[in-house]
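The values are calculated or read from the model by the stated rules, or taken from the named source; none is laboratory data. The structure displayed is predicted, hence computed values, not measured ones. Positions of Cβ are generated from backbone atoms using ideal geometry, with glycine treated the same way; all protein chains shown enter the neighbour counts. Side chains are part of the model used for accessible areas, which takes the heavy atoms of the whole protein and leaves out ligands, DNA and RNA. Shrake-Rupley method; radii C 1.70, N 1.55, O 1.52, S 1.80 Å.
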Amino acid sequence: MTDAAPTPAAPAARAAGETPFEAVPAEAQPLDVNQDRQWATVAHLGGVVGSLPSYVIHRVFGDRGPFTAQESREALNFTLLPSVVVLAGIALSLVPVIGWIFSVVAAVTWLWLAIASVVAGVKVNRGEPHQYRGNTHLYDRLTTSRG
């Protein structure tokens, strides 16, 4: 499994029928092409539930695969603003008399976000990069203003 030399206890453990413990390297391995495409697809499809899946994928797998880094960032940039709109709409739907308007806005925004995310996920699963129409690149703006 690794190039590490076996420990002195390894022959005794093998004789006793036990499997010796072998260390695994602490650094993450690069993604192969199929895994890279898989995580890029999941980043877009995660837009159905908001921006959190694409953020987590971007932070965890972004430095392990170039396609995943590119597509998870694109998905995060696109889903961040609609996710905020949906959450605000849900919170404001509790306002008496006019709350139904915010409920409708939240529902329509979520429906639009879900459809766009699925379309992007299907395209990325074919190995084609996807750019959303009307992408505000909000995450890029927020991260560059801090740094």
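Which number in (1) in a helix (DSSP H, G or I); (2) without any contact (Cβ under 8 Å) to a residue 60 or more places away in the chain; (3) not hydroxyl-bearing (Ser, Thr, Tyr) marks the one condition that GLU128 misses?
(1)
All but one of (1) under 23 Å from VAL33 (Cα atoms); (2) touching an Asp or Glu at 6+ places or on another chain (Cβ under 8 Å) hold for VAL119; state the number of the condition that does not hold.
Of the numbered conditions (1) under 23 Å from VAL33 (Cα atoms); (2) touching an Asp or Glu at 6+ places or on another chain (Cβ under 8 Å), the odd one out for VAL119 is (2).
Where in the range 1-107 are there helices (runs of 4 or more DSSP H), lying wholly inside it, with at least 1 residues that are modelled with pLDDT of 95 or more?
Numbers: elements: 9-15, 33-45, 52-61, 66-92.
Those helices (runs of 4 or more DSSP H) span 33-45, 52-61, 66-92.
How many of the residues making up the range 84-117 are open to solvent by less than 70 Å² (accessible area, probe 1.4 Å) and within 19 Å of ALA40 (Cβ to Cβ)?
Qualifying residue count for the region: 4.
Looking at the range 75-92, can you tell me whether even one residue there is of a type in the set (Ser, Thr, Tyr) and farther than 15 Å from LEU111 by Cα?
There is no residue in the range 75-92 that is of a type in the set (Ser, Thr, Tyr) and farther than 15 Å from LEU111 by Cα.
Can you tell me which residue is nearest to the chain's Cα centre (by Cα) among those in the range 27-55 that are open to solvent by 70 Å² or more (accessible area, probe 1.4 Å) and farther than 18 Å from ASN125 by Cα?
So, considering only residues that are open to solvent by 70 Å² or more (accessible area, probe 1.4 Å) and farther than 18 Å from ASN125 by Cα, the one nearest to the chain's Cα centre (by Cα) is TYR55.
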